[in-house]
Structures are given as C-alpha cells and as structure tokens.
Amino acid sequence: MDTIFAIGIVIAAIVIIILLAFVGKFFSLWLQALFSKANVSIFQLIGMRLRKVPPQVIVEARILSCKAGLPVDTNLLEAHYLSRGNVLRVIQALIAANKANIKLDFKEAAAIDLAGRNVLEAVQMSVNPKVITTPKVSAVALDGIQLHAVTRITVRASIQKLVGGAGEETVIARVGEGIVSSIGSAQSHKEVLENPNMISKKVLASGLDAGTAFEILSIDIADVDVGQNIGAILETDRAEADKKIAQAKAEERRAMAYAAEQEMKAKVMEMKAKLVEAEAQIPMAMATALRDGKLGVMDYYNMKNIEADTQMRKEIGSAPEAK
C-alpha cells in the first residue's frame with residue numbers, strides 16, 4: 001500500500017514538473033504582456049502553441065497596438081496569422097496611418113495584406129508620394145520622325161483602392177499609351193521638342209489613374225530624343241517593293257514574248273517541213289503526168305527554161321553593182 005502511494009506521489013510530482021516547465025516557457029511572455037497592459041493570459045498563450053501560432057509574434061503585435069492606443073483583439077491577430085498574413089506589418093501600418101490622420105482600420109489593413117500588397121508601404125506612399133520612372137517609349141509624329149520619351153510619374157497610394165485596384169505596371173502602361181497617342185497626333189516632331197509639356201498635359205487630362213490603386217499627381221517629361229525618319233524608311237521600302245513588282249511584271253512579259261517567239265519558230269519549221277515534203281512530191285507528180293500524157297516533152301523543156309531564166313534573173317539581181 002505504501003509502495004503504491006509512493007509511486008502516485010512520484011507520478012504527480014513528474015506531472016507537476018512537466019506542467020511547470022511548459023508554463024515556464026510562456027511565463028516571460030505573460031509577464032511582458034502584463035506589465036505592458038496587453039492582457040494576454042497564460043491559457044491564451046498555451047492555446048496559441050496548440051494552434052501552432054507563435055505566441056511571441058502575437059504578443060509583440062498586441063503590445064505594439066496597445067501602446068499605440070489602437071488595441072487589437074488577440075483572436076483577430078491569431079486569425080490573421082493563420083490566414084498567412086503578416087501580423088506585425090499590419091499593426092505597423094495601422095500606427096503609421098493613425099499618425100498621418102489616414103482612415104484605416106484593422107479589417108481593411110488585413111484585407112490589403114492578404115491581397116498580396118505591402119500595406120505599410122502603401123501607407124508610407126500615401127504620406128510620401130512615390131516617383132516612378134517609365135522605360136523609354138517610342139512614337140512617330142505625323143511628319144514621320146520618331147521620338148523617344150522618358151517620363152517620371154509621381155503617384156500617391158489610395159488606401160481605399162488597394163484591394164481590387166490595378167498596380168504600378170498598369171499605370172506605366174497607360175502613361176506609355178498616352179505618350180504614344182500625344183506624339184502620334186502632333187503635326188511635326190518639332191512641336192513636341194519645342195513644348196514637351198503638351199505630352200504631360202494630354203496624358204494627365206486622360207484620367208489614367210481610374211481603376212488603379214494610385215492617384216497620379218504629376219507626369220514630368222524627363223527626356224525626349226529624336227530617332228529615325230520612319231516616314232523616309234517606309235517610302236524607301238515602298239519604292240523598293242514597287243521596283244520588285246515592276247521587275248517581276250517585266251520578267252513575266254519577257255517570258256511570254258519568248259514563249260510566243262518559240263511558238264512562231266515551231267510553226268515556221270512546221271511550214272518548212274511541209275514545203276520540203278511538197279517539193280519532194282513534185283518530181284513524182286511530173287513523172288506521173290508524163291507517163292499519163294498530161295504533160296508533153298516540150299512542155300517539160302519550156303518549164304525548165306523558165307526555171308533557168310528565173311534563176312539567172314535572181315543571180316543578176318543579187319549580184320553587187322560594179323563600181
């Protein structure tokens with residue numbers, strides 16, 4: 001009986017030691033929260049550990065919010081952490097917004113953070129506007145001269161539009177589109193070089209920040225360079241294309257003429273062949289005529305005399321005149 005009692009005492013002592021060691025891990029955090037008037041109990045800390053939430057992060061965020069006069073409930077902080085949010089950054093954003101007199105509550109800040117945006121940077125950008133330098137944008141004026149423009153956009157974050165609003169890439173793309181439109185509508189590139197401010201005025205008047213998370217404060221033209229004479233290049237390419245088309249048509253006509261010539265030669269050769277064939281049949285026809293009595297001997301000699309006379313006249317006519 002005494003042995004069982006001793007074993008029970010030992011087991012109870014071990015359990016107490018384990019509980020004290022477990023509680024001791026959270027004692028410093030509990031004591032820190034207590035003296036900071038953050039009101040985080042030991043049982044809440046144990047529950048955080050069981051829910052796999054780091055108590056150190058939650059306690060620090062709770063103390064930070066209480067000291068700033070913006071106390072946030074522990075359950076809200078835990079829920080935001082479990083949603084894979086950045087708890088400390090959200091609390092820092094709330095404090096920065098409060099100091100800058102910007103309306104922002106925990107729910108909005110948590111939504112912005114969970115949307116993938118840096119809520120603290122957004123608050124800082126609302127206080128201190130950010131300057132975005134666009135890449136070089138190329139456009140062609142109506143006179144065919146190409147211009148390269150670089151702009152600097154001063155933007156201020158709009159807290160209310162951060163969730164669902166377009167980002168910096170959209171602003172840069174819209175400004176680039178406005179630059180191309182402004183330069184493309186100019187009658188001459190000299191107008192743009194003389195008054196580059198016309199680009200910024202036209203772009204600002206287009207309301208390019210609609211639907212974005214930013215408010216465009218100003219657009220400044222940092223640099224404008226003259227590029228190629230695109231109009232001349234296009235005219236040269238067009239002339240070269242017309243030349244190739246004309247050459248192709250001329251080659252087509254030459255080929256057709258050559259084909260017609262070959263066809264004519266073939267016809268001439270065919271006619272010559274028929275003539276030779278006909279001439280070859282003349283002696284046979286004459287022999288038949290002599291045999292049948294249709295042609296007399298004297299007629300044959302008269303025909304030969306005529307042929308000889310004709311041949312002599314040809315030779316006399318083709319002989320060169322004597323000097």
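Pulled fully out, how much extra length does the chain show between ILE245 and GLN262, if you take 0.36 nm times their separation in residues and subtract their Cα-Cα distance? List each step's numbers first, then the result.
On the way: separation 17, 0.36 × 17 = 6.12 nm, distance 2.57 nm.
This chain segment gains 3.5 nm when fully extended.
Looking at ALA186, PHE214, ALA246, which one has the Cα that reaches farthest to the positive end of the dipole of the range 180-250 (charges on Cβ: Lys, Arg +1; Asp, Glu -1)?
Positive-most Cα among the choices belongs to ALA246.
So, by mean Cβ neighbours within 10 angstrom, what's the order for 150-160, 231-241 with the highest one leading?
Answer by packing, highest mean first, reads 150-160, 231-241.
Starting from 0.36 nm per residue, how many nanometres of slack lie between GLN281 and ASN75 once their C-alpha separation is accounted for?
Values: separation 206, 0.36 × 206 = 74.16 nm, distance 12.54 nm.
Stretched out fully, the GLN281 to ASN75 stretch lengthens by 61.6 nm.
Kindly sort VAL171, VAL276 by accessible area of their heavy atoms, largest first, with the probe set to 1.4 Å. Walk me through the intermediate numbers first.
Numbers: VAL171 0, VAL276 90 Å².
Largest accessible area first, the list is VAL276, VAL171.
Cα convex hull of the range 113-242: mean projected area in nm², to one decimal?
Values: hull surface 37.1 nm².
Averaged projected area of the range 113-242's Cα convex hull equals 9.3 nm².
Excluding ligands, DNA and RNA, what is the solvent-accessible area per residue of the chain at a probe of 1.4 Å, expressed in Å²? Spell out each step's value before the answer.
Working: 21390 Å² over 323 residues.
Roughly 66 Å² per residue, with all protein chains present.
If you take the charge dipole of the chain about its Cα centre, with +1 on Lys and Arg Cβ and -1 on Asp and Glu Cβ, which of PHE106, LEU234, TYR258 is farthest toward its positive end?
Of the candidates, PHE106 comes out farthest on the positive side.
Semi-axes of the equivalent ellipsoid for the chain, please: Cα gyration tensor eigenvalues, times 5, square-rooted, ordered largest first, whole Å. Please report the intermediate quantities before stating the final value.
Working: eigenvalues 2415, 269, 33 Å².
With the √(5λ) rule applied to the chain, the semi-axes are 110, 37, 13 Å.
Under 21 Å Cα to Cα from LYS99, which lysines show up? Leave out anything in the same chain fewer than 8 places away.
Filter leaves LYS67, LYS107, LYS130, LYS161.
Arranged from highest to lowest average of other beta-carbon atoms within 10 Å per residue, in what order do the peptides 52-62, 220-230, 183-193 appear? Present the calculation step by step, with values, prior to reporting the outcome.
Numbers: 52-62: 18.9, 220-230: 14.1, 183-193: 17.0.
Peptide ranking by packing, descending: 52-62, 183-193, 220-230.
Report, largest value first, the span of the C-alpha coordinates of the range 217-322 along each principal axis, in whole Å.
Extents along the principal axes: 124, 43, 12 Å.
Nearest 10 degrees is fine. How inclined is helix 55-67 to the longest principal axis of the chain, computing both from alpha carbons?
80 degrees
What angle, in degrees between 0 and 90 and rounded to the nearest 10, separates the Cα long axis of helix 87-99 from the longest principal axis of the Cα atoms of the chain?
80 degrees
May I have the extent of the alpha carbons of the range 52-95 along their three principal axes, as whole Å values ordered from largest to smallest?
Principal-axis extents of the Cα atoms in the range 52-95, largest first: 27, 16, 14 Å.
Please list the radius of gyration and Dmax for the range 123-196, considering alpha-carbon atoms only, with Å as the unit.
15.2, 46
Cβ under 11 Å from LYS136's Cβ, LYS136 left aside: what net charge do those residues give with Lys, Arg +1 and Asp, Glu -1? Each step should come with its number before you reach the end.
Values: positive: none; negative: ASP223, ASP225.
Summing Lys/Arg as +1 and Asp/Glu as -1 gives -2.
How much of the accessible area of the range 149-218, in percent, comes from carbon and sulfur atoms when a 1.4 Å probe is used? Can you show the working numbers first?
Details: 1680 of 3330 Å².
Roughly 51 percent of what the probe reaches on the range 149-218 is carbon or sulfur.
Counting Lys and Arg as +1 and Asp and Glu as -1, each charge on the Cβ, what is the dipole of the chain about the Cα centre in debye, to the nearest 20? Could you put the intermediate results ahead of the total?
Values: 38 positive and 36 negative charges, 268 e Å.
Result for the chain is approximately 1280 debye, rounded to the nearest 20.
Can you give the three extents of the C-alpha atoms in the range 203-247 along their principal axes, from longest to shortest, in whole Å?
Principal-axis extents of the Cα atoms in the range 203-247, largest first: 58, 24, 15 Å.
Once amide H atoms are built 1.01 Å from N in the peptide plane, which residues 5 or more positions from LEU217, or in another chain, come under 5 Å H to H?
THR154, VAL155, ARG156
Taking Cα atoms, how many degrees apart are the long axis of helix 230-280 and the longest axis of the chain, rounded to 10 and kept between 0 and 90?
Result, in degrees: 30.
Could you rank LYS136, LYS202 by how accessible they are, 1.4 Å probe, largest area first?
Numbers: LYS136 125, LYS202 90 Å².
The ranking, largest first, comes out as LYS136, LYS202.
Determine how many Å³ per residue the convex hull of the Cα atoms of the range 230-286 encloses.
It comes to 31 Å³ per residue, whole-number rounded.
Could you sort the peptides 84-92, 303-311 by per-residue average Cβ neighbour count (10 Å cutoff), highest mean leading? Intermediate values should be presented prior to the final figure.
Values: 84-92: 19.3, 303-311: 10.2.
In descending order of packing, they fall as 84-92, 303-311.
The values are calculated or read from the model by the stated rules, or taken from the named source; none is laboratory data. Every value quoted in this text rests on a predicted model; they were computed, and no experiment measured them. Cβ coordinates were reconstructed from backbone atoms using ideal geometry, including for glycine residues, and neighbour counts include every protein chain displayed. Heads up: the accessible areas ignore ligands, DNA and RNA and are worked out on the full protein's heavy atoms, side chains in. Shrake-Rupley method; radii C 1.70, N 1.55, O 1.52, S 1.80 Å.
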